[in-house]
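Asker: Before we start, here is the structure in question, set down as structure tokens.
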Amino acid sequence: MIWSWHACEVRLDRCAGRLELPAFHAQATEAATLRQRLHTATQELAAAEREIAEVAKMAPEEMLAMKREAQEVVCVNNLKQIALAAILFARESDGRVFPSSFMVFTNELNRPNLLFCPADPSGIRAKTWSEFNPATISYRLVNANVPFRDGEPAKPLVICPFHGTTANTDGSVYRSKK
């Protein structure tokens, strides 16, 4: 015999003499899972709201300082990749010299926007190599065409004119002291 009770099917199993609640059990399990997910999502939302409130309390000067710090971190990362690309270029070249121009980096760098410092006010960025030209470069090459020798003391190779950060011929990057 099948009875309908609260949208759950209850079947009286005459052979075993007991009640079976298969649909109710599945729904209860699903409901418990959904409650747990809702609880987790609510906690994450509350944490995000607290973080937004903290950011909203910040003074514009603090936000500007955080932006400058983030730009400098991106700049250091760019310079590190440029220095490693220059070392790769020097190792692959017959003369084993560092490049004399950023224009030869199309094979060593995966994208040209690495040659643009985020603090550069010009805002002229090349997103693809076809858009790349000297106006889209923020950094300055120094010691170009110098011989590359493994284990040689580091010399400045690329400088950021906005942060004063320097990438060296050994691949190291030094941030300027403020």
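Asker: Working only within region 155-178, note down all residues that are without any contact (Cβ under 8 Å) to a residue 60 or more places away in the chain and either at positive phi or in a strand (DSSP E or B) (or both).
Answerer: Across region 155-178, the qualifying residues are 156, 159, 164, 174.
Asker: Another question, if that's okay. Tell me which of these residue 146 doesn't satisfy, since it passes every other one: (1) surrounded by 15 or more Cβ atoms within 10 Å (Cβ to Cβ); (2) closer than 20 Å to residue 68 by Cα.
Answerer: (2)
Asker: Okay, next question. Could you grab me the full set of residues in region 51-108 that are assigned to a loop (DSSP other than H, G, I, E, B) and among the β-branched types (Val, Ile, Thr)?
Answerer: Just the residues of region 51-108 that are assigned to a loop (DSSP other than H, G, I, E, B), to begin with: 58-59, 93-96, 98-101, 105-108.
Within region 51-108, just 106 meets the criteria.
Asker: In region 93-113, how many residues are among the β-branched types (Val, Ile, Thr) and in contact (Cβ under 8 Å) with a residue 24 or more places away in the chain?
Answerer: Restricting attention to region 93-113, the residues satisfying the condition of being among the β-branched types (Val, Ile, Thr) are 97, 104, 106.
In the following step, the residues that additionally are in contact (Cβ under 8 Å) with a residue 24 or more places away in the chain were identified as 97, 106.
Final tally of qualifying residues: 2.
Asker: Still on this structure, please answer the following. Tell me the residue from 98, 102, 132 that is in contact with a helix residue (DSSP H, G or I) (Cβ under 6 Å, 6 or more places away or on another chain), surrounded by 11 or more Cβ atoms within 10 Å (Cβ to Cβ), of a type outside the set (D, E, K, R) and modelled with pLDDT under 85, please. Show your work before the answer.
Answerer: Values: 102 fails: modelled with pLDDT under 85; 132 fails: modelled with pLDDT under 85.
The conditions single out 98.
Asker: I'd like the full set of residues that are under 27 Å from the mean Cα position of the chain (by Cα) and among the charged types (D, E, K, R), limited to region 28-51. Talk me through it step by step, then tell me what you get.
Answerer: The initial filter retains those residues of region 28-51 that are under 27 Å from the mean Cα position of the chain (by Cα), namely 40-51.
Across region 28-51, the qualifying residues are 44, 49, 50, 51.
The values are calculated or read from the model by the stated rules, or taken from the named source; none is laboratory data. Because the structure is predicted, anything quoted here is derived from the model rather than measured. Cβ atoms come from the backbone with ideal geometry, glycine included; neighbour counts cover every protein chain shown.
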